[in-house]
1. Please give the contour-minus-distance gain from Thr28 to Val98: 0.36 nm per residue of separation, less the Cα-Cα distance, rounded to one decimal in nm.
2. Starting at the first residue of the stretch 93-100, write each ³J(HN,Hα) from the Karplus equation 6.51 cos²θ - 1.76 cosθ + 1.60 with θ = phi - 60°, in whole Hz, x for Gly and Pro.
3. Hey, can you rank 95-102, 22-29, 53-60 by average C-beta count inside 10 Å, highest first?
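Please treat every number below as a calculation from the coordinates, not as lab data. Everything numeric in this text was worked out from a predicted model, so none of it was measured. Note that we place each Cβ from the backbone using ideal geometry, even for glycine, and neighbour counts take in every protein chain shown.
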Amino acid sequence: MKLLLAIMSNDDAPTASSALTKEGFSVTRLATTGGFLRAGNTTLIIGCEDNLVEKAIEVIGEYSSRRTEVVPATSSYDIGRFASFPVEVQVGGATIFVLDVEKFVKL
């Protein structure tokens, strides 16, 4: 058995979670924060048999696309004066960790 931790954008999580559930996976969603923009994201926790790991990753990949967004970045000219310049950054996608499960108990 494996445990998948899939960290993705809040924008992608509802559709990815629904698609995984439709495919028969049990999914738990956690609100998390981190990454380059310190933006909110979602971590999906998925337990599955070894032979279903690639299917889960495929479903997550289908619903967590990378895209470019323009965000303001602050730069300092000199003491006390700041200007905001737009910067293009990559957002979306998913980071997935696959962990071995030593024991699984459902009560």
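1. Numbers: separation 70, 0.36 × 70 = 25.20 nm, distance 1.51 nm.
Going from the current span to full extension adds 23.7 nm.
2. With the stated coefficients, the stretch 93-100 comes to x, 8, 10, 10, 10, 10, 10, 6 Hz.
3. Numbers: 95-102: 11.8, 22-29: 13.4, 53-60: 16.6.
The densest-packed peptide leads the list: 53-60, 22-29, 95-102.
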